[in-house]
1. Residues with beta-carbon under 11 Å from that of Asp77, excluding Asp77: net charge, scoring Lys, Arg +1 and Asp, Glu -1?
2. So I have [x] 0.99; [y] 1.05; [z] 0.94, and one of them is Rg/Rh (Cα atoms, Kirkwood Rh) calculated from this model. Which one is it?
3. Once phi is turned into ³J(HN,Hα) by the Karplus curve 6.51 cos²θ - 1.76 cosθ + 1.60 with θ = phi - 60°, what whole-Hz value does each residue of region 13-26 show in order, with x for glycine and proline?
4. With +1 on the Cβ of every Lys and Arg and -1 on the Cβ of every Asp and Glu, and nothing else charged, how large is the dipole of the chain about its Cα centre, in debye rounded to the nearest 20?
5. Hey, fewest Cβ within 10 Å first, where do Val55, Val99 land in order?
Amino acid sequence: MPSTRNSRIQILTSDEIDELYRRPEFNQTEREEFFSLDTRALEHIRKMEKLESRVHFILIMGYFRSKPVIPQFHLKDVRQDVRYICHTYFAGAKPQYTVLPKSTRFRLVSQVISFLGFEQLTL
């Protein structure tokens, strides 16, 4: 009996899958564009207690604005973006580069998607 894995249709190449799901890598101009916050967004993040949650929210929103997928990342892997966000919005405050709990990440992703006017697909 043939393996199910081998009988799947392959629509995208590995490079195309990587391009689609890989976290964007911004230059300075792109950071200014994708991490820009309007008054409504600033009010929303000010309600969050922890700096790390605020930074993650802005990162998730910026990456989603760039391409509509939610990439996996750790703050330590996106230090330049974190520095830009902290310098621009939090007077240069330095977040802790700890791993975000899955429940917190899920909550932040849900907030970003809702904030931007999208709905999550549920099965």
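1. Numbers: positive: Arg23, Lys76, Arg79; negative: Glu25, Asp81.
Taking every Cβ under 11 Å from that of Asp77, the sum is +1.
2. Here Rg/Rh (Cα atoms, Kirkwood Rh) agrees with entry [y].
3. Going residue by residue, I get 6, 4, 5, 5, 5, 4, 4, 5, 9, 5, 4, x, 10, 8 Hz, with x marking Gly and Pro.
4. 520 debye
5. Going from least to most buried by this count: Val99, Val55.
Bear in mind that the values in this text are calculations on the coordinates, not laboratory data. Note that the coordinates shown come from a computational prediction; the quantities given were computed from them, not determined experimentally. Please note: Cβ atoms are built from the backbone with ideal geometry, for glycine as well, and neighbour counts cover all protein chains shown.
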